[in-house]
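To start, the structure itself, in structure tokens.
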Amino acid sequence: MSGLRERKKRATREALMAAALRLALERGLEGVRVDDIAAEAGVSPRTFNNYFAGKYEAIAARHTDRIERSAAVLRARPPEEPLWEALTEAMVEPWEQHAGDAHSPPPPELLASIRMLSREPALRAESLRVAFAADGALAAAIAERTGTDCSRDLYPHLVSGAATAAVQVAVGHWLRADPPIPLAPLLRDALRALAAGLPAPPI
């Protein structure tokens, strides 16, 4: 029974996050209330409050889920695979899973809506907060793979922070690109460049 209960809780959380993002893309953040998100997900506002403190957290929580998913994927990669190859695949997988077709350019109207949301100061602040809060999960997975200690060694935190920053930069570039470009190849390019030590581009 506990397994079924947990699956139901995860499904409700996912439904609330999806509803929050869908309504924000359709109406803009100012046009979305908690009651609207709850109704869209088919639950009560009280149920919403059991999962999230507000609409900003409901939208930004996807960042936490991506990082935690990346940590799980990294642990599942073949142990003989080089760290940065495994980490690149682990960081890209959640975006491929949740970003629709991450291998094709996004529709212009969807990209315009995402750009609008990305400029919201409150949402940007919440996204950074949850990203930093979830960093420990990825650092722990890196520490396990490299035989280092999260409580003592700099290395797992340095790699985790660098990889997370590379993804954020790649997503920012994707948002600005004109004409639109696919996201997944850009993420891989950013992480591979980081793994190579960021060599200067050829002149």
- Message: Checking the condition surrounded by fewer than 13 Cβ atoms within 10 Å (Cβ to Cβ) and under 15 Å from the mean Cα position of the chain (by Cα), which residue from Ala133, Ala137 passes?
- Response: Ala133
- Can you work out which of the residues in region 84-118 that are surrounded by 16 or more Cβ atoms within 10 Å (Cβ to Cβ) and assigned to a loop (DSSP other than H, G, I, E, B) is modelled with the highest pLDDT? Pro106
- Message: Being touching a Leu at 6+ places or on another chain (Cβ under 9 Å), of a type outside the set (Phe, Trp, Tyr), on the phi < 0 side of the Ramachandran plot and without any contact (Cβ under 8 Å) to a residue 12 or more places away in the chain narrows it down to one residue among Ala165, Ala200, Ala141; which is it?
- Response: Ala165
- Query: Would region 174-184 turn up any residue that is surrounded by fewer than 16 Cβ atoms within 10 Å (Cβ to Cβ), modelled with pLDDT under 95, out of contact with any Lys or Arg (no Cβ under 7 Å at 6 or more places or on another chain) and in a helix (DSSP H, G or I)?
  - Reply: yes
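The values are calculated or read from the model by the stated rules, or taken from the named source; none is laboratory data. This is a predicted model, so every value here is computed, not measured. All Cβ positions, even for glycine, are placed from backbone atoms using ideal geometry, and neighbour counts span all protein chains on display.
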